[in-house]
Amino acid sequence: MKMKQFIQKIFGSKSQKPPSGDIPAKPSRKMQTMMEMLSNTREEELTCDEVFALLDQFTELAAQGEDVAHLMPLVQHHLDMCDDCRDEYKVLERIVANVT
Amino acid sequence: MDKRTNEEWIADLGAGGDRQALALEDLRAIILRGLPYAIAGRLDPKSPETEALTEEVAQETLLNVLKYLDTFEGRSQFTTWAHKIAVRAALTELRRRRWSEVPLPDMTMDDDMDASYRELPDHQANPEEQVSRAEMMKRVNRIIMEELTDKQRKAMMSIVDGFPLEEAARRLGTNRNALYKMMHDARLRLKKRLENEGLTPQEVLSVFEQAGK
C-alpha cells in the first residue's frame, strides 16, 4: 500500500469529505478516534483479563450506587477505552439489575 | 434451589454425583435467565439460531464454571460471577458471527514514501491552512510509520474502524488480552513521540478544526 493510500485510510479520503463547502470541515472520524485514544492513554492500564477478573465486583458495586469510577478507577478507565469490555459490562449491568 | 450462598454453590458444584448435577441444573436455569440480555438487539430472540446459541453458551459456561471454580474469590455473588462468564462466551460468539465476513483493513505497507502526497483540497480552508493540514497529516503519518510495527498499524486501523478487539485479535493470530497490551504499547509510543515533537493529540486535531471555524 502506498503512503497516500495509508494516509487516506487513516484520516479519510476525498469521498468521505462533505460534498458541499457550506458544511464546516471537521477532522475525519478516524483521526478523531485515534487522537482521542492517544489523549486518554495512560502509562498504567489494566488489560482485558485483569478487568474481566474484577468485572463482577465492579458491576455489583455500581448497582449498589457506589462511586465505582472513584473506587476502581483503572477498571473504569479500561471500560472507557475498550469497546468489547464495555459491551460486556453493559450486559452484565442489566442482568444484575434484572435477574440476580 | 437457586438461593444458595456462595459457599453452598462452591460446595455443591465441587461435590460430584447427584449433588453436583442438581447444582449444575440450577445454575443452568439462572444462566438461561441472563442470556437474553446478551442476545437482545443482536439476534432475533425467537429464531432457531438464538435457541442453538443459548444452549451452546449455557453448556460452555457450565464447563468453564467448573474449570475455574477454584479461582472464584467471593468478591461478588457467585451467580454474578457465573453470569459474567456466560456474557463473555455469548458476546464472543456473537461478534465472531457478526464480523466473520468483514475483512480486516489492509495495512500492508511498502517502502514507497509517496513524496507527491498533498492534502486533499478543502474549499473552506485558505491556502495557508491547507498547507498546515497537509504538513500535519504527513507528520503524524510519518510518526505512525516510524513508531509502529505492521501488526500494530493493522490493529490500530481495525480498532479505529470499529472492529471488535476480540475479532481483530483472532484474525491477527493472537488473543484479546495480548492485543490490548500491544495496542497500549502502540498508543504510548505514539503519544510520547508526539510529545517529543512538541505536539499533543489536541493540537493535532486543532489544526484540522481551524478550517471549520
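The values are calculated or read from the model by the stated rules, or taken from the named source; none is laboratory data. These figures come from a predicted structure and were not determined experimentally. Heads up, the Cβs are rebuilt from the backbone with ideal geometry, glycines too, and the neighbour counts pull from every protein chain shown. Please note that ligands, DNA and RNA were not included when accessible areas were found on the heavy atoms of the full protein model with its side chains. Shrake-Rupley method; radii C 1.70, N 1.55, O 1.52, S 1.80 Å.
Which residue pairs have Cβ atoms closer than 8 Å, lie 6 or more positions apart in sequence or on different chains, and pair a first residue in the range A:49-61 that is open to solvent by 50 Å² or more (accessible area, probe 1.4 Å) with a second residue that is assigned to a helix (DSSP H, G or I) and polar (S, T, N, Q)?
A:Asp49/B:Asn177
Conditions tested, residue by residue: (1) more than 9 Å from every other protein chain (Cβ to nearest Cβ); (2) out of contact with any Asp or Glu (no Cβ under 9 Å at 6 or more places or on another chain).
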site	(1), (2)
B:Ile159	no, no
B:Leu172	yes, yes
B:Arg176	no, no
B:Thr200	no, yes
B:Val204	no, yes
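Name the residues in the range B:168-188 that are within 15 Å of A:Asp49 (Cα to Cα) and either assigned to a helix (DSSP H, G or I) or not assigned by TED's automatic domain parsing to the domain that holds B:Met156 (or both), would you?
Within the range B:168-188, B:Ala169, B:Arg176, B:Asn177, B:Ala178, B:Leu179, B:Tyr180, B:Lys181, B:Met182, B:Met183, B:His184 meet the criteria.
All but one of (1) within 17 Å of the chain's Cα centre (by Cα); (2) closer than 28 Å to B:Leu35 by Cβ; (3) among the hydrophobic types (A, V, I, L, M, F, W, C) hold for A:Met35, so report the exception by its number.
Every condition holds for A:Met35 apart from (2).
Do the conditions hold for B:Glu203, that is, is it modelled with pLDDT under 90, part of a helix (DSSP H, G or I) and more than 15 Å from A:Thr33 (Cα to Cα)?
It is false that B:Glu203 is modelled with pLDDT under 90, part of a helix (DSSP H, G or I) and more than 15 Å from A:Thr33 (Cα to Cα).
Can you tell me how many residues in the range B:8-44 are without any contact (Cβ under 8 Å) to a residue 12 or more places away in the chain and surrounded by fewer than 14 Cβ atoms within 10 Å (Cβ to Cβ)?
Number satisfying all stated conditions: 11.
Can you tell me which residue is nearest to the other protein chains (Cβ to nearest Cβ) among those in the range A:38-75 that are of a type in the set (Val, Ile, Thr) and more than 16 Å from the chain's Cα centre (by Cα)?
So, considering only residues that are of a type in the set (Val, Ile, Thr) and more than 16 Å from the chain's Cα centre (by Cα), the one nearest to the other protein chains (Cβ to nearest Cβ) is A:Thr59.
Mind listing whichever residues of the range B:20-73 are within 12 Å of another protein chain (Cβ to nearest Cβ) and of a type in the set (Ser, Thr, Tyr)?
B:Tyr37, B:Tyr68, B:Thr71
Restricted to the range B:136-146, and to residues that are under 30 Å from A:Arg86 (Cα atoms) and surrounded by 18 or more Cβ atoms within 10 Å (Cβ to Cβ), which residue is nearest to the other protein chains (Cβ to nearest Cβ)?
Across the range B:136-146, the extreme among qualifying residues is B:Asn141.
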